[in-house]
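K.L.:
One structure follows; several queries about it will come next.
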Amino acid sequence: MFAVIKTGGRQYRVVPDDVLEIGKIAGDVGTIVQLGEVLLVGGETPVLGVPTVAGASVAAEVLQHKRGPKVISFKKRRRKNSRRKRGYRDEITVLRITEILADGNKPTIGPRPKREKPAVTAPADVEDAA
């Protein structure tokens, strides 16, 4: 089963367990957000929305918020000693699609537990020979 969603002026084809980067949306890291603008729900019998599918949504877990690559805008007017350099970085949210919901259902899958990093202990029997 797949769905086509619209967020931030762009459309994405998603399936469960997809990881995608979209424009920044509200939500803390580790929470589940629902994306309500579903344009198409596919499967054995696809359902097209006019313009969106009624009662359908996509549940996704927020993995992280970050900034995209730097984009530089450089303008130069030759022989005029005039130049302008400006740059910016987009705000990005990384999502993992957990499930595709229909008929106004609520998400059943919660956020995944975080993996704990193994604790590194310093050896106690280290002696300095000077």
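K.L.:
Consider Arg89 against the criteria (1) farther than 25 Å from Arg13 by Cβ; (2) loosely packed, with under 10 Cβ neighbours inside 10 Å: it satisfies all of them except one. Which criterion is unmet?
P.N.:
(2)
K.L.:
Moving to a separate point now. Does at least one position in the stretch 2-13 carry a residue that is assigned to a strand (DSSP E or B), free of Cβ contacts under 8 Å to residues at least 40 places away in the same chain, under 15 Å from Leu101 (Cα atoms) and of a type in the set (A, V, I, L, M)?
P.N.:
So far as the stretch 2-13 goes, yes, one or more of its residues are assigned to a strand (DSSP E or B), free of Cβ contacts under 8 Å to residues at least 40 places away in the same chain, under 15 Å from Leu101 (Cα atoms) and of a type in the set (A, V, I, L, M).
K.L.:
Quick one: Lys66 ticks every box in (1) over 19 Å from the mean Cα position of the chain (by Cα); (2) at pLDDT 95 or above except a single one, so which number is it?
P.N.:
It is condition (1) that Lys66 fails.
K.L.:
Another one. Only one of (1) outside any loop (DSSP other than H, G, I, E, B); (2) free of Cβ contacts under 8 Å to residues at least 12 places away in the same chain fails for Glu61. Which number is that?
P.N.:
(2)
K.L.:
If you don't mind, another one. For Ile100, indicate whether it is in a strand (DSSP E or B), surrounded by 10 or more Cβ atoms within 10 Å (Cβ to Cβ) and modelled with pLDDT under 95.
P.N.:
Yes, satisfied.
K.L.:
Surrounded by fewer than 10 Cβ atoms within 10 Å (Cβ to Cβ) and either on the phi < 0 side of the Ramachandran plot or touching a His at 6+ places or on another chain (Cβ under 7 Å) (or both): is that true of Lys117 in this structure?
P.N.:
For Lys117, the condition - surrounded by fewer than 10 Cβ atoms within 10 Å (Cβ to Cβ) and either on the phi < 0 side of the Ramachandran plot or touching a His at 6+ places or on another chain (Cβ under 7 Å) (or both) - is met.
K.L.:
Suppose we filter the stretch 18-43 for residues that are outside any strand (DSSP E or B) and either under 15 Å from Ile97 (Cα atoms) or modelled with pLDDT under 90 (or both); how many remain?
P.N.:
9
Residue-by-condition table, conditions (1) out of contact with any strand residue (DSSP E or B) (no Cβ under 6 Å at 6 or more places or on another chain); (2) in contact (Cβ under 8 Å) with a residue 24 or more places away in the chain; (3) among the acidic types (Asp, Glu):
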| position | (1), (2), (3) |
| --- | --- |
| Asp18 | no, yes, yes |
| Val33 | no, yes, no |
| Glu37 | no, yes, yes |
| Arg79 | yes, no, no |
| Arg83 | no, no, no |
| Thr93 | no, yes, no |
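The values are calculated or read from the model by the stated rules, or taken from the named source; none is laboratory data. Everything numeric in this text was worked out from a predicted model, so none of it was measured. So basically every Cβ, Gly included, is an ideal-geometry build from the backbone, and we count neighbours across all protein chains shown.
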